[in-house]
Amino acid sequence: MKVQSSIIENKYLRVKSINIGACLYEVYDKQKKINLILNLGSTENYRNKNFYVGATCGRYAGRISNSRFKIKKKIYRLDGNEGRNTLHGGKIGFDRLEWKIHHHSKTKIIYQLLSKNLDQGFPGDLNSQCIFEIKNKSLFILDNFLLISSPGWELFFAASYISETNFGSIFEVTDIVPCPPREIKSKDVSSSPE
């Protein structure tokens, strides 16, 4: 696995990211001459040991009890990585994969990853993007996930995480949109019983 770092910058900030996990590696304030975030030291450390530091987690960011869930009476069994549970996408989550650079300019970089059906046990092909963009003194981070197909059911799923960091202010937006709305309802998706 090749670790590749990329830099975006303006007169206020220099942001370094790496392709493994679409990780945010460094946010350097040029006026204060200081890195504002933690990292794992050398970028080579992201090849073998990653503690989700700065990473894009997926397919699921969080813990799934008993490494399984149910959609419309079908139980999906996942690859567990935390005892009986699945944490942040499993043993080989998005944080451990090489993301491709889709676009890179002076102030913006877009990473892209395609997760195929049943990757780590999750259903459907999932197209993911992670965008880092600098505007003035702010860094915008946008993670997009779009489920493009799944056997036996159709579902459009868009989840966005937007973070604007302007030396202390952060906001988040999350949107989950089933389409068409009548086919998938919240009662159709649940954690399976033990």
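General observations
- Qualifying trypsin sites (Lys or Arg not before Pro) for region 26-64 [loop in DSSP, other Cβ within 10 Å: at most 10]: Lys32, Lys33, Lys49
- Simple spin-label estimate for Lys32 and Ser65 gives 4.1 nm between the two label positions (7 Å along the Cα-to-Cβ direction from each Cα).
- Loop-located GluC sites (Glu not before Pro) across region 15-97 with a Cβ neighbour count of 13 or fewer within 10 Å are Glu44, with loop assigned by DSSP.
- Accessible surface of region 1-153 [probe 1.4 Å, protein heavy atoms]: carbon and sulfur percent: 51
- Segment His102-Phe140, extension gain: residue separation times 0.36 nm, minus the distance between their alpha carbons: 12.0 nm
- Applying 1/(1 + (r/R0)^6) with R0 = 30 Å to the Cβ-Cβ distance of Arg47 and Glu9 gives a FRET efficiency near 0.75.
- For region 44-145, the per residue solvent-accessible surface stands at 51 Å², with DNA, RNA and ligands left out and a 1.4 Å probe.
- At most 14 other Cβ within 10 Å, DSSP loop - chymotrypsin sites (Phe, Trp or Tyr not before Pro), region 8-74: Phe51
- Nearest-0.05 FRET efficiency for Met1 and Asn81, computed from C-beta distance (R0 22 Å): 0.75
- Our summary gives region 1-50 a relative contact order of 29 percent, counting only alpha carbon pairs under 8 angstrom and 6 or more residues apart.
The values are calculated or read from the model by the stated rules, or taken from the named source; none is laboratory data. What you are looking at is a predicted structure, and each value in this text was computed from that prediction instead of being measured. Cβ atoms come from the backbone with ideal geometry, glycine included; neighbour counts cover every protein chain shown. We work out accessible area using only protein heavy atoms, side chains counted, and drop any ligands, DNA or RNA first. Shrake-Rupley method; radii C 1.70, N 1.55, O 1.52, S 1.80 Å.
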